[in-house]
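The values are calculated or read from the model by the stated rules, or taken from the named source; none is laboratory data. Predicted model, so just to flag it, every value in this text is computed and none were measured. Using ideal geometry, Cβ is built from the backbone for each residue, glycine included, and neighbour counts are taken over all protein chains shown. With ligands, DNA and RNA removed, areas are computed over all heavy atoms of the protein, side chains included. Shrake-Rupley method; radii C 1.70, N 1.55, O 1.52, S 1.80 Å.
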Number of protein chains: 2
Amino acid sequence: MTGTPAFPGTFHVYDTTLRDGAQQEGLRLTVSDKLKIARMLDHLGVTFIEGGWPGANPNDTAFFEAARSELKLRNATLTAFGATRHAGTLAGEDPLIQALVDAGTDVVCIVAKAHDVHVERALHTSLNENLEMINDTVSYLTRRGKRVFVDAEHYFDGYQHNRGYALDVVRTAAEAGAEAVVLCDTNGGMLPTWVAQIVQETLEVGGDLGIHCHNDTGCAVANTIAAVEAGVMHVQGTVNGHGERTGNADLITVIADLQLKFGWPVVTDVDLAEATHIAHGIADITNVPVGGRQPYVGQSAFAHKAGLHASAIKVDPTLYQHIDPSLVGNNIRMLVSDMSGSANIQLKAAELGYDLADRELAARLTDKVKAREAEGYSFESADASFELLLRDALGVGEPFFKVLTWRVFTSDQDGFEGDSEAVVRLEVKGDLEALVGEGHGPLNALDLALHRALVHAYPVVDGFELTDYRVRILDQGHGTDTIVRTLIDFSDNERTWTTVGVGTNVIEASWEALVDAYRWGLAKTSTTLSA
Amino acid sequence: MTGTPAFPGTFHVYDTTLRDGAQQEGLRLTVSDKLKIARMLDHLGVTFIEGGWPGANPNDTAFFEAARSELKLRNATLTAFGATRHAGTLAGEDPLIQALVDAGTDVVCIVAKAHDVHVERALHTSLNENLEMINDTVSYLTRRGKRVFVDAEHYFDGYQHNRGYALDVVRTAAEAGAEAVVLCDTNGGMLPTWVAQIVQETLEVGGDLGIHCHNDTGCAVANTIAAVEAGVMHVQGTVNGHGERTGNADLITVIADLQLKFGWPVVTDVDLAEATHIAHGIADITNVPVGGRQPYVGQSAFAHKAGLHASAIKVDPTLYQHIDPSLVGNNIRMLVSDMSGSANIQLKAAELGYDLADRELAARLTDKVKAREAEGYSFESADASFELLLRDALGVGEPFFKVLTWRVFTSDQDGFEGDSEAVVRLEVKGDLEALVGEGHGPLNALDLALHRALVHAYPVVDGFELTDYRVRILDQGHGTDTIVRTLIDFSDNERTWTTVGVGTNVIEASWEALVDAYRWGLAKTSTTLSA
């Protein structure tokens, strides 16, 4: 009933995570990071991967050099970004154009100014010279055998200010041999109907168009979709929406929208089912976590908390989901929280492989979860700690060890193996184990001491590794004398798990999460006890 | 040139942060939290504040009770949320409808099922009975003197599945006296052109319409704008886009788009200029930080890192911004980072009130910042630590004190004033100060010891307070034996400041940030030394 446009014969997904995405506050990518991300982007099935701006940034020059020997792409074509030649020179004599050629990619993307005020005030040249710079640069590069895209910078603002000049830029680039002219909403101020109208009017120039949007009005994805509906055949964006200011259009959301809402074969279904995995894998490299609410791939994207919804989902999961989450490699998640009814707790238990049909038991566990959350615990992201509570409630929990005392000492002086010393006393299988751990920082020292105290009785702990922890003050505004929540991630070769601890200090909270992490790991690797 | 629709005579901004927003994973709001947030929403200038679902949730019942005595709203009208009566009863005999009446608000919002499959499979009643439930509930409540809105749940999916029935729901609600029927994209799967088309077709029923969108396709804001362009006069959303799964339409983005892009008088300009302040204030209560990239109000929303842009911004700030950030109470920010050139560093210095015209000095400081960032420091959010580096470079830095040694001890046994004991030795104004701090956790103990060691020489430190800290493992995958970055927030009555520390352990990194925090506070409160 509602319209879906026909798939154009040729369609480009052009990723610029490594170039425009890297402009994001807090994001820093090494050459090795970029190589890893490029492999993941290739795995996602994008058409082009923009690797950076060789010549302008030494790190990017080094990336293209490394890519030539180390990067084998299955699907995607690597592209190098550059700008039109400087005013008053020739493309063949401009060192930045030379650096672009030297990057050795078959495809390049050239940014050109499309807004008359920017030409005059930022580039300090004439409108005609800017057109000549575009013509000369594109012609030179195509003569050198490159496929060339042109990013028309500030296109939409430029079009609104001086329509004729903006169209001249598109025409000049297309006539000089650009494979597509990419209309950029550089300042991100557009709305979808405006984008649709301007794209439609620009298509009258002839030639293929692309779209490059930023999210300053909260419409980057919608503006991209609007341009596609209007007829562009090339979309630019970044994984996880990275980018300067409010970021670029989130490329995975764009791909999933086009593929799952329009039914377009943008990538293969197999590749799309890797989207969640790839989004989180790239986040592990950028060290910028995937937003919980991120469309399609966020941890919460298919999470249900409301009792109303939870009951209905028992009837039919499709009633409360816009797509089957497995299409993008995500999962439905029932949340355990103090707003949960027993229905959520029962579904969560089933998800973890336990039978919690007993209503009274479910109600008792629900009360316990609510009481703990009132103290500051959060089980929504600490499934392992929740599972330990659940196992206790079901009577299948086993403590594995009993903590007698612990203490830890840290100073600005290094000892033998670090600046911190922990002493942990445990009762393990009837024996008293008192072990010392020295390490870098109190958590490391406590982890080593606990590990050493357990490994004799449970050799499997040698495979456990603490991979991350996060600390949050819960009740702000009272200085350090407050409640602290710590979340700890562990992994072994097979799985990763998260536990939570709460206390009046970071060490106490960390210790509790650490003990839970070892207990859960032991429960999972003890064949007689796992669910 | 591009179209802006005319402002309708009556327009509602309906906030549901306290009800639908509270469905977000990880969000828990107490009655006191809700009262504080409601006051902020009122300050933002929204028309309606949906407070919760009285009767369904004890916390929400308590909120409405508290609101009657404690909540004085300047602008907004408080509304209570409920559902149509149960099947086979009468509205006047349904306890949940009674609870809704008892909440004592002049305005109520009733959710009604608009998708035939949901009526039959989730509500387990007939299509006709559902219409009767809507008619009866709305009629009863209007007879009791309430203004009634109806949320037509799953409207868009329902319209695509059974157009006639969905339109019957809208017609029934309007004829029974609903002031507006709000079309809900409950599962969030819509795209803007679909929303526009369905809203246009639904307007033919007659009566006023509203819109309620979720962000599952990344289009919640754009879908809301599309509905407004198509003719709805009521928009629902949540501050910071809180909500289940991918969240609801971000209400501040919607308001700012309508006000600044269409030129509509949605709220007053004075209220809009509070938007950033309010978004962050609500985040302080929800304890869910405002996303850095959040449109209009995010910390990075007007932040510039690229050297290309930074140079152009020197020429004219409007060239690279879609709006003047002060319109929404935000600021342009020049980022200091290892991608920065000297231009950014100079602009940042100017922003902090220092003259760094000396190019050689600026280049030297730039190198120092880059070297520090390579070690793991991040100055983008730690302006205070950057300013200390800058003051050192300019030769106006003063150490105020010299750290000789520190150590801290934590155990599971409480001492006199906590479980942690720190000893700090400083040289302050020529004297040796060796002080002990006891507190909850190592950071608290170190903070107390440092405070005590300084307060004799610098009584002003009595006004300093540590308000939050964040810890991040930088190089994941090596257990606890890694590099840790700590960011610490301090405040006094006048200002808040953030410092950064890096080390092989959380205590070392925290101590460095703590020392920087005291140094910066002393520099700012020392009249002879401040910039």
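Using only the alpha carbons of the protein assembly as shown, what is the convex hull's orientation-averaged projected area in square nanometres?
Its Cα hull, projected and averaged over all orientations, spans 42.2 nm².
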Residues meeting the amide H criterion for B:V182 (H placed from the backbone, H to H distance under 5 Å, 5 or more places apart or on another chain) are B:V150, B:D151, B:A152, B:G210
Dipole size in debye (nearest 20) for chain A around its Cα centre, Lys and Arg Cβ +1, Asp and Glu Cβ -1? 780
Could you sort out which of B:K146/B:K261; A:K368/A:K429; B:K34/B:K72; B:K368/B:K402; A:K36/A:K348 sit more than 24 Å apart by Cα distance in this structure? B:K146/B:K261; A:K368/A:K429; A:K36/A:K348
Helix B:342-351: angle to the longest alpha-carbon principal axis of chain B, degrees 0 to 90, nearest 10? 80
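Please work out the ratio of the alpha-carbon Rg of chain A to 2.2 N^0.38 Å and round it to two decimals. Walk me through the intermediate numbers first.
Values: Rg = 27.9 Å, N = 531, 2.2 N^0.38 = 23.9 Å.
Against the empirical 2.2 N^0.38 Å value, I get 1.17 for chain A.
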First compute the accessible area of chain A with a 1.4 Å probe, then give the percent of it belonging to carbon and sulfur atoms. 49
In nm, one decimal, shortest first: how far is the label point of B:E351 (7 Å from Cα along Cα to beta carbon) from the matching points in the other copies? 4.0
If you take each beta carbon of peptide A:435-444 and count the beta carbons of other chains within 10 angstrom, what is the mean? 6
Farthest toward positive dipole pole in the stretch A:346-454 [+1 Lys/Arg, -1 Asp/Glu at C-beta], among A:A449, A:A350, A:F400: A:A350
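At 4 °C and a viscosity of 1.567 mPa s, what translational diffusion coefficient does Stokes-Einstein give for the stretch A:1-50, taking Rh as the Kirkwood radius over Cα pairs? Give it in µm²/s as a whole number.
Numbers: Rh = 12.8 Å.
Here the translational diffusion coefficient equals 101 µm²/s.
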So which residue of B has the beta-carbon closest to the axis that swings B onto A, and how many whole Å away? B:A222, 2
Given a cut-off of 25 Å, what percent of all Cα-Cα pairs of the stretch B:1-107 lie beyond it? 28
Peptide-level mean, for A:293-305, of C-beta atoms on other protein chains within 10 Å: 6
Losing no less than 50 Å² of accessible area (probe 1.4 Å) relative to the isolated chain, the residues of the stretch B:401-432 are B:W406, B:F409, B:T410, B:D412
Output the 0 to 90 degree angle, nearest 10, between the alpha-carbon long axis of helix A:359-375 and the longest principal axis computed from the alpha carbons of chain A. 70
Applying the Karplus parametrisation 6.51 cos²θ - 1.76 cosθ + 1.60 with θ = phi - 60° to the phi angles of the stretch B:420-430, what ³J(HN,Hα) value in whole Hz is obtained for each residue in order, glycine and proline being reported as x? 10, 10, 10, 10, 10, 10, 10, 10, 10, 6, x
At a 1.4 Å probe, which residues in the stretch B:198-236 are at least 40 Å² less accessible with all protein chains present than in their chain isolated? B:D216, B:T217, B:G218, B:A222, B:E229
With every protein chain present, what is the per residue accessible area of chain A (1.4 Å probe, Å²)? 35
Proximal aspartates and glutamates relative to A:K370, as straight alpha-carbon distance under 13 Å, when same-chain residues fewer than 8 apart are discounted: A:D338, A:E380
Does the stretch A:113-197 come out rounded, prolate or oblate, given a ≥ b ≥ c as the square roots of the eigenvalues of its C-alpha gyration tensor, rounded meaning a/c under 1.5 and, failing that, prolate meaning a/b above b/c? oblate
Any chance you could give the angle, 0 to 90 degrees and rounded to 10, that helix B:163-175 forms with the longest Cα principal axis of chain B? 90
Mind ranking B:120-129, B:319-328, A:271-280 by how tightly packed they are, going by the mean number of other C-beta atoms within 10 angstrom, highest first? A:271-280, B:319-328, B:120-129
Would you mind calculating the relative contact order of chain B from Cα pairs under 8 angstrom and at least 6 residues apart, reporting the percent as a whole number? 9
When you count, for each residue, the other Cβ atoms within 10 Å and take the mean per peptide, how do B:510-516, B:87-93, A:101-107 rank with the highest first? B:510-516, A:101-107, B:87-93
Whole-Hz couplings from phi, Karplus 6.51/-1.76/1.60, listed for the stretch B:117-131; x for Gly and Pro: 5, 5, 4, 7, 8, 9, 8, 6, 9, 8, 4, 5, 4, 4, 4
The answer for A:H12, listing residues at least 5 apart or on another chain whose modeled amide H is closer than 5 Å to its amide H, is A:H234, A:V235
Give the Cα extents of the stretch B:344-437 along the principal axes, in whole Å, largest first. 54, 32, 21
So the label point sits 7 Å from Cα along the Cα-to-Cβ vector; using that for B:D392, what distances do you get to the other copies, in nanometres, sorted shortest first? 4.7
Shortest-first distances to equivalent copies, position A:T125, nm, label 7 Å out along Cβ: 7.0
Output wanted: per-residue J couplings in Hz (rounded whole) for the stretch B:391-400, from phi through Karplus 6.51 cos²θ - 1.76 cosθ + 1.60, θ = phi - 60°, x for Gly and Pro. 5, 4, 4, 7, x, 10, x, 10, x, 6
Please report, in whole Å³, the volume per residue of the convex hull around the C-alpha atoms of the stretch B:108-156. 61
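How would you rank B:390-401, A:48-59, highest first, on the average number of other Cβ atoms within 10 Å across their residues?
A:48-59, B:390-401
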Chains A and B: how much accessible area gets covered up at their contact, both sides added, probe 1.4 Å, in Å² to the nearest hundred? 10200
Counting only other chains, what is the mean number of Cβ atoms within 10 angstrom of the Cβ of each residue in peptide A:181-192? 4
Calculated from DSSP helices alone, with each H run of at least 4 adding -39500 (n - 2.57) and the total divided by the residues of chain A, [θ]222 nm to the nearest 500 comes to -12000 deg cm²/dmol
Honestly the stretch B:373-509 on the Cα gyration tensor test (a ≥ b ≥ c root eigenvalues; a/c under 1.5 rounded, otherwise a/b vs b/c for prolate or oblate) is just oblate
What are the radius of gyration and Dmax of the stretch A:67-127, computed over its Cα atoms and given in Å? 14.8, 43
